[in-house]
1. Just one of the numbered conditions (1) under 24 Å from residue 128 (Cβ atoms); (2) of a type in the set (Ser, Thr, Tyr); (3) touching a His at 6+ places or on another chain (Cβ under 6 Å) is not true of residue 197; which one?
2. So, in segment 230-243, exactly how many residues are surrounded by fewer than 14 Cβ atoms within 10 Å (Cβ to Cβ) and farther than 18 Å from residue 134 by Cβ?
3. Using beta carbons and a limit of 7 Å, which pairs, at least six apart or on different chains, have the first residue in segment 60-76 and farther than 7 Å from residue 119 by Cα and the second one basic (Lys, Arg)?
4. Is at least one residue of segment 98-117 closer than 30 Å to residue 207 by Cβ and in a helix (DSSP H, G or I)?
5. Name the pairs: first residue in segment 233-259 and modelled with pLDDT under 95, second residue assigned to a helix (DSSP H, G or I), Cβ to Cβ under 6 Å, at least 6 apart or on different chains?
6. Tally time: how many residues in segment 24-75 are closer than 27 Å to residue 226 by Cα, assigned to a strand (DSSP E or B) and not β-branched (Val, Ile, Thr)?
7. It is to be established whether one or more residues within segment 108-116 are in contact with a Ser or Thr (Cβ under 7 Å, 6 or more places away or on another chain), surrounded by fewer than 20 Cβ atoms within 10 Å (Cβ to Cβ), closer than 27 Å to residue 12 by Cβ and in contact (Cβ under 8 Å) with a residue 24 or more places away in the chain.
8. Applying the selection to segment 76-96, what residues are among the basic types (Lys, Arg) and either touching a strand residue (DSSP E or B) at 6+ places or on another chain (Cβ under 6 Å) or part of a helix (DSSP H, G or I) (or both)?
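The values are calculated or read from the model by the stated rules, or taken from the named source; none is laboratory data. From a predicted model like this one, the values you see are computed outputs, not experimental measurements. Cβ atoms come from the backbone with ideal geometry, glycine included; neighbour counts cover every protein chain shown.
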Amino acid sequence: MIEEPYRWVEAIANRREYIETQLAPGSPIVALSYRDGILFVTVGRARQKLFEIYDRIALGAIGHPGDIERLRMAAIELASTEGFTRSAGDVSLRRLAFYSLSPVLKTAFEQVYGAPYLARMIFAEVGASPAGDLFLRVEYDGAIAAGGASADTQPPRFSVISGTTPSAELMEELLRRDHDSNCTLRAALKVALDAWSAGSMRAADDEVKEIPAHATLLKHRQEKLKSATVEACVLERSGASAIRYRSVADGELKELTAA
């Protein structure tokens, strides 16, 4: 009987180690504010990793495709139900994450005889200005954190996820140095791709301890893009429609990344 709590703690530790191993190969995702909205960026081969959830809310996720889809559909259903029973203006990312998704993830993670969710997510909700933008990271165990480090005196206007903690930390370091929340979409895409490159390099090589030079980041990205493509979407800050989400098409990406 005395051994039972220890066995549960040991099972949880093993479960966490297993999930982290499964998430480690995931391509990083960057979400950041710019003057006219919020930009999401990642690089991948085929599978979509950026999604619309509700009018002003978007999602980026790494992990098992089936688990991501289940969580995406759950988030959409919860937001749509809230919007229908109350109003679209009442749909809040904080309510969605803290009161709906987090308990589901926590329960699945702690039920050691069942399958956990293999997913790590960024949610973002666009505000009237960059100061009103909200970024939340939601982990497989239900933990929720705002973008950046807890020691930040001002909430950062960005968030990242990656397969490993050191990779995400290096991405955040670069964004603290280079990101300006009042920049243009072109500038936002440039710094987001640099952050992705830094995270990708750190995840693949433990020797990468500091932010590489821009030329090194660019070379790494060009190599990766020989077999992958950039995926990007934005939540527009203003517009005629209540729906602020739109994908950034290949043609627009090429124009924005042109020298």
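1. For residue 197, the failing item is (1).
2. Qualifying residue count for the region: 3.
3. Matching pairs, first to second residue: 60/49; 65/47.
4. Checked against the condition, which is being closer than 30 Å to residue 207 by Cβ and in a helix (DSSP H, G or I), segment 98-117 yields no hits at all.
5. Between residues of segment 233-259 that are modelled with pLDDT under 95 and residues that are assigned to a helix (DSSP H, G or I), the close pairs are 256/186; 256/189.
6. Qualifying residue count for the region: 11.
7. no
8. From segment 76-96, those among the basic types (Lys, Arg) are 86, 94-95; that's our starting set.
Across segment 76-96, the qualifying residues are 94, 95.
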